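*Asks:* For reference, the structure I am asking about is given below.
Read-outs throughout are calculated quantities, based only on the coordinates presented, and are distinct from any laboratory measurement. Predicted, not measured: the structure shown is a model, and the values here were computed from it. Backbone-built Cβ (ideal geometry, glycine too); neighbour counts: all protein chains shown.
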Amino acid sequence: MNSNHNNASCYRRRNKTLGVPELIAIALGGMVGGGIFSVLGVSVALVGVFTPLVILIGGVLAALAAYSYIKLGVYYKDEGATYSFFKKTFPNSPFAASLIGWWVIFGYISTLALYAYTFSSYAVSGFAFGDSELARKMVAGGILLLFTLINVWSVKGMGKIEDLMVYTKLVVLTVISFVLINHGNTTVPRLYQNQAEVDVLAIFIVASLTFVAYEGFQLVINAVQEMEMPERNIPRAIYSAIFLAVLIYFVISLGAILAIPFEEIIKNKEYALAAGAKQVLGNLGKELIIVGALLATSSAISGTVFGASRQMAVIADDGYFPSLLSHRVNRIPVYAIICMSTCAFGLVLAGNLEVILEFGSVTFLVVSLLMAFANFRVRKQTRSSTTITVISFLGLLAGTAFILYYEYANQPEQLVFIVTLYVLLTLGAWLFSVIQGRIGKQ
């Protein structure tokens, strides 16, 4: 799944053999996108001082998901990752291949919408119309259009822009972390004393919601043909990248709750860090956070458009999407790029930050759940621990159930929206699998 397939592609174009440091950079480029800027406000609104804790639990959930990806990646050594793993594990089920293809691609589309919406929230936060929902959605559409044009224009040009954004954003996020920590005006024990009671269920629900912020570690597998010793380096790179992402997210979230009043974070959860930063850090601090958010989300948008559009073209070439989407111009899947960006903008128009966040987290939890199921199916071949695989499956199943329960209990209309999307995706996947099955028999 996610965000920065282009990092792997850049390395491939340079014909370099990838070691662990390069592979970690690929995964971090994918994970450390707009996730922390998207989930922070929602998390503080629901669990307050426990926000850093749910970041850690979300990281554990991501590590559980990574276990099956790593085992399948080492076994199949297929750069097609999620889609190819499921297709090879269930070779006699066109519907299984089609379903995973549809869900994975629309998972990418949901993260694309999430990053675009977060970009727009921070971009307009300093203007008089910053609270206008219409303004945010139009700016989100504008940034999607920009990176659609960049990706259609030139792979080389996109790669140079992406490299600059990836490395700059890591530096900026590190600076933001230290600035927030140094300007903390309270302590965790003091915040805990003033915290309204939060039950354990709420903590696990929000931890599940943060899962989308870790989406992207599997990009390492897309570079399997260009890496040294994949049996050793895939697990090292993915687990190291997850650890570093957890560390970055934890420090930023800790700094935020220590430096910025909760009411400011909750009131402006779409651009939580920028909203509270001005009074704590001054204009310079606010601008630094906005720059960090814009770089992080831009990088994630660019990488998602690049990588996921190519996966969409591969799936279309197999007959599970309209054949037009597999058409390439100078090796660039132009129609797939346009389709992904258009669908993402449609999701932005149809929902808000919270529903997009929840749909993205549920989608990637379900897809990771299916990967755990596939790994269980071939656990002897992948030399996987039955115990760890089952624990991973149950943990991901619980995470999915937590989000759906939260929706049912608190926002049933959003649950209807999410379920309706899944029904439509499943019907689309079934229809194309039937068509492909008939073609195969001819």
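*Asks:* Round to the nearest 10 and give me the degree value, 0 to 90, for the angle of helix 386-410's Cα axis relative to the longest principal axis of the chain.
*Replies:* Compared with the principal axis, the helix lies near 60 degrees.
*Asks:* Here is a follow-up. For the pairs Lys77/Lys380; Lys137/Lys286; Lys169/Lys267; Lys88/Lys380, flag any whose C-alpha to C-alpha distance is greater than 18 Å. Each step should come with its number before you reach the end.
*Replies:* On the way: Lys77/Lys380 16 Å; Lys137/Lys286 22 Å; Lys169/Lys267 26 Å; Lys88/Lys380 15 Å.
Over 18 Å Cα-Cα: Lys137/Lys286; Lys169/Lys267.
*Asks:* For Asn352 and His183, FRET efficiency with R0 = 25 Å and r from the beta-carbon atoms, rounded to 0.05?
*Replies:* That pair, His183 with Asn352, gives E of 0.25.
*Asks:* Multiplying the sequence separation of Ile391 and Ile435 by 0.36 nm and subtracting their Cα-Cα distance, what value in nm do you get?
*Replies:* 12.2 nm
*Asks:* Right, here's the next one. If you fit an axis through the alpha-carbon atoms of helix 334-350 and take the longest principal axis of the Cα set of the chain, what angle between them do you get, 0 to 90°, nearest 10?
*Replies:* For 334-350 against the chain, the angle is about 40 degrees.
*Asks:* While we're on this one: Assigning unit charges at the beta carbon (Lys, Arg +1; Asp, Glu -1) and nothing else, what dipole magnitude in debye, to the nearest 20, does the chain show about its Cα centre?
*Replies:* Numbers: 29 positive and 23 negative charges, 290 e Å.
In total the dipole reaches around 1400 debye.
*Asks:* Right, something else. Kindly express, to the nearest 10 degrees and within the range 0 to 90, the angle between helix 230-259's C-alpha long axis and the longest C-alpha principal axis of the chain.
*Replies:* Helix 230-259 sits at roughly 20 degrees to that axis.
*Asks:* Report, in deg cm²/dmol and to the nearest 500, the calculated mean residue ellipticity at 222 nm for the chain, where each DSSP H run with n ≥ 4 adds -39500 (n - 2.57) and the sum is divided by the residue count.
*Replies:* -27000 deg cm²/dmol
*Asks:* Full-extension gain between Glu133 and Phe417, please, as 0.36 nm times their residue separation minus the C-alpha to C-alpha distance. Spell out each step's value before the answer.
*Replies:* Details: separation 284, 0.36 × 284 = 102.24 nm, distance 1.90 nm.
Result for the pair: 100.3 nm of gain on full extension.
*Asks:* Can you sort Lys137, Lys77 from fewest to most other Cβ atoms within 10 Å of each residue's own Cβ?
*Replies:* Values: Lys137 19, Lys77 14.
Fewest-to-most Cβ neighbours within 10 Å comes out as Lys77, Lys137.
*Asks:* Let me ask another. State the extension gain, in nm to one decimal, for the chain segment bounded by Leu191 and Trp153, taking 0.36 nm per residue of separation less the distance between their alpha-carbons. All intermediate terms of the calculation are to be shown ahead of the outcome.
*Replies:* Working: separation 38, 0.36 × 38 = 13.68 nm, distance 5.00 nm.
Full extension of this stretch gives 8.7 nm more.
*Asks:* In percent, what relative contact order does the chain have, based on Cα pairs under 8 Å that are 6 or more apart in sequence? Please list the in-between numbers first.
*Replies:* On the way: 725 pairs, mean separation 151.2, N = 442.
Value for the chain: 34 percent.
*Asks:* Here's a follow-up. If packing is taken as the average number of other Cβ atoms within 10 Å across a peptide's residues, how do 115-127, 368-380 rank, most packed first? Don't skip to the answer; put the middle values down first.
*Replies:* On the way: 115-127: 24.9, 368-380: 21.1.
So the peptides 115-127, 368-380, ranked by packing, come out 115-127, 368-380.
*Asks:* If you build a Gaussian network model of the chain, linking Cα atoms that sit under 10 Å apart, which residue out of Ala293, Ala45, Ala27 swings the most?
*Replies:* Ala45
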